[in-house]
There are 2 protein chains.
Amino acid sequence: MVDPWHSCIDKELSICEQTMMDALQFENPELTEMCRYVVSSGGKRLRPSLCIISYLMCGGTDVQTPINIGAAFEIVHSATLVHDDINDQGEIRRGRKTLHREYTTTKAIVAGDCMFAVGYNLLVDVKSEIVRYVLEASSAMASGEFVQKDYEHVSRVTEKDYLKIISGKTAKLFEASAKSGAYTADPDSDYISNVGNFAHELGLAFQIVDDTLDVTGDPHNTGKAIGTDLLEGKPTLPLIYALEDPRYKEELTALFEEVDVTTDMVVRALEIIRDTDAVERCLQRAREKAEDAKAMLDPLPDSVYKQSLLSLADYVVSRDR
Amino acid sequence: MVDPWHSCIDKELSICEQTMMDALQFENPELTEMCRYVVSSGGKRLRPSLCIISYLMCGGTDVQTPINIGAAFEIVHSATLVHDDINDQGEIRRGRKTLHREYTTTKAIVAGDCMFAVGYNLLVDVKSEIVRYVLEASSAMASGEFVQKDYEHVSRVTEKDYLKIISGKTAKLFEASAKSGAYTADPDSDYISNVGNFAHELGLAFQIVDDTLDVTGDPHNTGKAIGTDLLEGKPTLPLIYALEDPRYKEELTALFEEVDVTTDMVVRALEIIRDTDAVERCLQRAREKAEDAKAMLDPLPDSVYKQSLLSLADYVVSRDR
């Protein structure tokens, strides 16, 4: 069997887990419990991985620094998930109740805020450039959410709009994670933008697959119900492609523009999307993005870390969860 | 006419305003507009003031640093107000619609998150101790909110519980602001804890007055409706004191414990509280806290800045808005 993409940093990832748990420790036991509930619910740790691998690939040797930065990124990311789930009225994430459903919305908003504070606190001793990356990613995430919100139930959304949304929502934080690792290893590295661009394209591929799994995924694997994006009226690539099919354009437009969506309507929309070539086209698009990502690493010398990132790109587009 | 307490830092406060506006500038124009809407809606700028005055009082000379830190504290504080207003379903703040009412809840949650990022970004070049103060204050704010939430509509709340709540909600961030100023001026200053304790007691006095204004205030001055704490079932000191009056104990307990509060019930509860000695006792308690605060500054040599803080303490307990 082939080693998984992360085998070269398994030790570092396990230290990163511990770093996150240690950082999420408050005087108030319920607050501690809530924050740890979120972070311990799994997740692929792609952001810490990108940071740590990029650091090692660019010649860094003191691995605790990118571990702390990676932990910060993962905690900030988790905090945004908590707030996203409130905004989307999400019930289930990673096979468990979302934080605001397990506790209360009020406490979940506040716990999310606290997680931001913890995340930034993990960045106190790093170069100021890194905090600037996080700010850029945060404002891009907000902007992505805003654009996504503006296109809810709006069927004239284009692939370009969609790419703008997922660049902000997902790819920018991937990019910031990787750049932070590379910059921390060597602020003068020639490869910072390569690594950043790799991670950005990877983020796009990742999100396209994520949105495709909302149509085709097995809830048993993904840990969440399918069709939730449609239920929330979120514009996604499978929908955009399916809307191009003349057989269904009218019906699917009506279904997507309906604000009071019922389960039956979601089921029908899923049926339609699956009957078009949308899913195959999405996976093709994701694979292209993954190849674009990999090409960004061409100038870098070969190493176990470069190989790991290349495998990661393959993993991202082949995953079923 | 006596100079207002802030006259010695008016120039710095005006630079601080500009610093906040400049920092809250994003690629997404709506995001910029939202964040500036919150920060430009006024507020007393007590946190930046505490930071800047403490810095100057402890001998600091490069005033831009505490201005940035003060701006960071004000922005972080404003972000928590945005989220608090969502949690409390607040409609009006400082005489204007709350952010989530003027825009949407989703966008307000996200804009708040972005403001945290901006706040922390303003702290990139400061000593790591400062970021740790912010983290401590953030976790105290969360903890204060949690305890407050647990005591909603619970009439067995005590003054001690209340002080714990407002210490977390308000006083800890006051303390962090002042300590940050003093520490930045001189990390070895003997006065850091004096200044911090002053600000903490000041924060308690401030919040007691705030909660009393919810019973006696003129909406024209305070910029918000009265009785909102009662409507939300929040345990406050005027309520706690009024519950001690045997004439009304039973009736007021029933009113406060009712989860489905009506306007009529709030009006009656306000009537009761005003008919007891609760308001006078609260103001007395606030004045004591303000005196406790002032006493913390006894060891410090006299200066225009010390005088300014002493006047601030008097202002906080005499304000009607």
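Values in this text are rule-based calculations from the coordinates and carry no lab data. Everything numeric in this text was worked out from a predicted model, so none of it was measured. Cβ coordinates were reconstructed from backbone atoms using ideal geometry, including for glycine residues, and neighbour counts include every protein chain displayed.
Starting from the Cα gyration tensor of the range B:95-167, take the square roots of the eigenvalues, sort them a ≥ b ≥ c, and report rounded, prolate or oblate (rounded when a/c is under 1.5, otherwise prolate if a/b is larger than b/c, else oblate). Because a/c hits 1.5 or more and a/b fails to exceed b/c, the range B:95-167 counts as oblate. Scalar couplings 3J(HN,Hα) for the range A:218-225, obtained by applying the Karplus form with A = 6.51, B = -1.76, C = 1.60 to θ = phi - 60°, are 9, x, 4, 7, 6, x, 8, 5 Hz; x denotes Gly and Pro. Taken over the range B:1-72, the percentage of Cα pairs per 10 Å bin, counting from 0 up to the bin with the maximum distance, is 19, 47, 25, 8, 1.
Neighbour counts of other Cβ atoms within 10 Å put B:285, A:268 in the fewest-to-most order A:268, B:285. Neighbour counts of C-beta atoms inside 10 Å place A:165, B:92, B:86 in the sequence B:92, B:86, A:165, starting with the fewest.
Both the radius of gyration and Dmax for the range A:15-174 are 16.2, 50 Å, in that order, over alpha-carbon atoms.
Remark: relative contact order (the range B:1-64) = 39 percent; criterion is Cα-Cα distance under 8 angstrom and separation of 6 or more residues.
Roughly how many nanometres apart are two label points built 7 Å out from the Cα toward the Cβ at residue B:320 and residue A:284? Here the modelled spin labels are 7.4 nm apart. Residue by residue along A:101-113, Cβ atoms of other protein chains within 10 Å of the local Cβ number 5 on average.
The spacing between the range A:66-92 and the range A:164-239, judged by their C-alpha centroids, is 13 Å.
Treat the range A:107-256 as a sphere of radius equal to its Kirkwood radius over Cα pairs and apply Stokes-Einstein at 10 °C in a medium of 1.306 mPa s; give the translational diffusion coefficient in µm²/s, rounded to a whole number.
Estimated diffusion coefficient is 92 µm²/s.
Charge dipole of the range A:202-321 (Cα centre as origin; +1 on each Lys and Arg Cβ, -1 on each Asp and Glu Cβ, all else neutral): 480 debye, rounded to the nearest 20.
Simple spin-label estimate for residue B:253 and residue A:18 gives 5.2 nm between the two label positions (7 Å along the Cα-to-Cβ direction from each Cα). Put in order of Cβ neighbour count within 10 Å, fewest first, the listed residues B:320, A:113, A:161 become B:320, A:161, A:113. Each residue of the range A:274-279 was assigned a 3J(HN,Hα) from its phi angle through the Karplus expression (A = 6.51, B = -1.76, C = 1.60, θ = phi - 60°), giving 5, 7, 8, 8, 4, 5 Hz with x at Gly and Pro. Spin-label pair residue B:36-residue B:275: with each label point 7 Å from Cα along the Cα-Cβ axis, the two points sit 5.1 nm from one another. Taking 0.36 nm per residue of separation and subtracting the current Cα-Cα distance, fully stretching the chain between residue A:158 and residue A:88 would add 23.0 nm.
Counting, for every residue in A:290-297, the Cβ atoms of other protein chains within 10 Å of its Cβ and taking the mean gives 0. With contacts taken as Cα pairs under 8 Å and at least 6 residues apart, the range A:56-143 reaches a relative contact order of 33 percent. Here the protein assembly as shown has an Rg and Dmax of 26.3, 84 Å, counting Cα atoms alone. Using the Karplus relation 6.51 cos²θ - 1.76 cosθ + 1.60 with θ = phi - 60°, the per-residue 3J(HN,Hα) values for the range B:65-75 come to 4, x, 5, 4, 5, x, 4, 4, 4, 5, 5 Hz, with x marking Gly and Pro.
Count, for each residue of A:25-31, the Cβ atoms from other chains sitting within 10 Å of its Cβ, then give me the mean as a whole number.
Per residue, the number of nearby Cβ atoms from other chains is 5 on average.
All other residues whose Cβ lies under 9 angstrom from that of residue B:108 are scored, Lys and Arg at +1 and Asp and Glu at -1, for a net of 0. Among residues other than residue B:295 with Cβ under 11 Å from its Cβ, the summed charge is -3 (Lys and Arg +1, Asp and Glu -1).
Near residue B:30, once Lys and Arg are set to +1 and Asp and Glu to -1 for all other residues with Cβ below 13 Å from its Cβ, the sum equals -2. Separation of the range A:293-321 and the range B:112-162, taken as the distance between their Cα centroids, equals 41 angstrom. For chymotrypsin sites (Phe, Trp or Tyr not before Pro), no site in the range A:155-260 is both called loop by DSSP and has at most 15 other Cβ atoms within 10 Å.
Once C-alpha pairs closer than 8 Å and six or more residues apart are averaged by separation and normalised to the residue number of the range B:7-318, the relative contact order reads 20 percent. One compactness figure for the range A:7-318 is 1.00, namely its Cα radius of gyration divided by 2.2 N^0.38 Å. Paramagnetic label reach from residue B:304 (point 7 Å along Cα→Cβ; backbone nitrogen cut-off under 18 Å): within the range B:4-21, residues B:4-16.
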